[in-house]
Amino acid sequence: MSTAKKRNGGYVVDDPTPRAPDRVITGARAWTGVRAGVVKDAAVVIRDRSIAWVGPAPLLPSEYANMPHEDHEGATLLPGLIEVHAHLGGFAYEYEPNVPDPDRLNPGWHALGSLTTARQLASLGVTTVQSLGAKHFADVALREATELGLVEGPRIVASGPQITTTGGHSWATGGEADGIIEIVHRIREHHKAGVDTIKVMATGGFGTYGSAPWNAQFTQEELNVLVAEAHRLGKNTAAHAHGTQGIERSVHAGIDLVAHGSFIGADGKTAFDPRLADEMAERGTYVDTTSPPSFPSVPGETTTPRAKDLFDHGVRLATGNDIGAVLPPSGYIFTLHELEASGIPREDVLLAATSNAAAAAGLAGVTGVLGEGYSADLLVVNGNPLDDLDALDHLDQIIIEGHEFRRDPVEPFDPSAPRHLSGLHQHTPSGLDARTVWVERQRRAAHHPGV
Ligand SMILES: [Zn+2]
């Protein structure tokens with residue numbers, strides 16, 4: 001399918017992405033991305049970029065019998081993993097370019113950093129990445145470059161800069177808007193720039209000077225308009241919300257995905273709100289798994305303690321880890337282990353990382369499931385991740401839209417390494433409540449505007 005594409009710049013290019021090879025992949029089993037979706041002695045048929053058939057190999061329809069077969073003995077076939085909360089250009093800030101005026105490099109620097117982060121994630125088996133905040137619409141550029149085959153990487157769902165209040169959380173990313181008219185205008189600008197999803201900073205955060213995580217940044221009316229306008233334009237919505245006030249307003253506005261969902265009360269201490277969680281479960285609001293540890297911190301707690309509380313109330317979880325802002329891409333698989341350690345059953349962790357995450361990113365029916373008509377985004381792993389998530393470290397193949405992804409080397413993730421400490425534990429020096437942590441973070445943020 002080599003249809004010509006007209007680009008915005010006025011020139012026309014043929015779709016340069018080569019047709020993916022048709023083939024049959026077999027393994028000891030497939031886990032299809034739905035509950036109890038195990039197929040023993042499984043075969044997956046890939047035709048071009050889509051899955052044409054999934055089932056037990058002995059039942060393979062005769063029309064596929066003559067296609068090239070790849071047999072992976074003892075392996076599990078499963079949908080590619082998904083990250084719903086990345087800041088792809090974030091780690092570009094860790095490195096200062098060696099030129100007199102680094103600011104001049106900002107858009108290019110951001111784009112190159114985004115490509116690197118996206119490829120690192122793909123190298124771990126993450127075949128779809130939702131960007132929830134990017135300067136200069138670098139995420140849209142990356143999505144386009146990937147779709148055109150100029151670069152190889154995961155499928156990108158792009159938000160552009162987060163919509164925030166003037167001087168509000170992550171204002172430096174470039175999405176300030178105050179009041180209903182400006183919010184609507186900002187969404188339409190984002191639409192014009194080609195975003196897929198609208199990310200709003202519903203509360204303050206830890207990384208921006210003068211921004212308090214427990215306070216909502218927008219009124220109920222403003223959030224209602226934001227969600228309605230985004231939905232009118234066919235875009236998904238996601239809200240950064242640490243404070244309970246902002247979570248509640250986002251949920252009432254009909255937001256699709258809450259990021260963080262930390263339940264920080266007005267006093268700066270964590271207080272899980274079971275009533276609000278029940279409401280989220282009822283409405284089908286997705287919550288990502290990047291809640292920071294409790295305030296005050298609880299010894300021995302995992303990095304995502306709120307996920308278990310939400311899970312127990314039937315809230316739909318999607319794996320999103322603030323990759324690029326809080327965690328480096330190499331930490332993705334570690335976070336799945338943390339979810340399991342928090343008490344969430346292994347299959348539910350995998351559901352959060354596949355079909356749930358796809359739905360949370362507006363891709364239900366597109367990816368996250370091994371099923372007929374879905375995009376051929378899948379992993380071949382040695383071993384069985386339903387028995388042990390460590391199997392995810394033994395990737396045999398990563399297939400993105402029917403093409404095998406050629407991996408970059410990824411530095412092993414060490415949660416205790418100093419570089420990662422700043423991210424993982426940025427919210428949690430032990431014994432301090434959120435206000436104390438915040439004051440400390442403010443000092444740092446004043447010299448380092450958050451992403
Ligand atoms: Zn974030």
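The Cα trace of the stretch 159-306 gives Rg and Dmax of 14.6, 47 Å, the first to one decimal, the second as a whole number. Computed over protein heavy atoms with a 1.4 angstrom probe, the accessible surface ordering of LYS199, LYS192, LYS135, largest first, is LYS192, LYS135, LYS199. Take every pair of alpha-carbon atoms less than 8 Å apart whose residues are at least six positions apart; their mean separation over the length of the stretch 41-110 yields a relative contact order of 19 percent. When you restrict to C-alpha pairs under 8 Å that are six or more residues apart and normalise by the size of the chain, the relative contact order lands at 18 percent.
For the stretch 280-330, the solvent-accessible area with a 1.4 angstrom probe is 31 square angstrom per residue. For the stretch 184-215 versus the stretch 308-330, the spacing of their alpha-carbon centroids is 19 Å.
Computed as a quarter of the hull surface, the mean projected area of the alpha carbon convex hull for the stretch 150-199 stands at 4.1 nm². Given the DSSP H assignment, sum -39500 (n - 2.57) over each helix run of at least 4 residues in the chain and divide by its residue total; what's the result at 222 nm in deg cm²/dmol, nearest 500? After summing the helix terms and dividing by the residues of the chain, the value is -8500 deg cm²/dmol. Restricting the calculation to Cα atoms, every distinct pair contributes to the Kirkwood radius of the stretch 233-304, found to be 12.6 Å. The string of couplings for the stretch 298-303 from the Karplus curve (6.51, -1.76, 1.60, θ = phi - 60°) is 10, x, x, 6, 6, 6 Hz, one whole number per residue in order, with x for Gly and Pro.
Calculated from the alpha-carbon coordinates, the stretch 59-206 shows an Rg and a Dmax of 19.2, 65 Å respectively. Placing a label point 7 Å from the Cα of LEU386 along the Cα-to-Cβ direction, the residues of the stretch 57-83 whose backbone N falls under 14 Å from that point are 75-79. Exposed loop positions in the chain were taken to be chymotrypsin sites (Phe, Trp or Tyr not before Pro) whose DSSP state is not H, G, I, E or B and which have at most 16 other beta-carbon atoms within 10 angstrom. Between these positions, the longest stretch is 96-451. Centroid-to-centroid, using Cα positions, the stretch 39-116 and the stretch 131-162 are 14 Å apart. Calculated on the Cα set of the stretch 285-412, radius of gyration then Dmax: 15.1, 47 Å. For the chain, the spread of Cα coordinates along the three principal axes comes to 64, 54, 44 Å, biggest extent given first. One chain, two ends: ASP101 and GLU147. Fully extended at 0.36 nm per residue, the span grows by 13.3 nm beyond their Cα-Cα distance. Sorted largest first by accessible area at a 1.4 angstrom probe radius, with every protein chain in place, the residues GLU83, GLU248 fall in the order GLU248, GLU83.
Element breakdown for the stretch 274-398 at a 1.4 angstrom probe: carbon and sulfur atoms account for 46% of the accessible area. Normalised per residue, the accessible area of the stretch 94-202 is 40 Å², obtained with a 1.4 Å probe and no contribution from ligands, DNA or RNA.
Suppose R0 equals 41 Å; then what is the FRET efficiency for HIS185 and VAL298 from their Cβ-Cβ distance, rounded to the nearest 0.05? Computed FRET efficiency for HIS185 and VAL298: 0.40.
The values are calculated or read from the model by the stated rules, or taken from the named source; none is laboratory data. These numbers come from a predicted model, not from an experiment. Backbone-built Cβ (ideal geometry, glycine too); neighbour counts: all protein chains shown. Just so you know, the surface numbers come from the protein's heavy atoms only, side chains and all, with ligands and any DNA or RNA stripped out. Shrake-Rupley method; radii C 1.70, N 1.55, O 1.52, S 1.80 Å.
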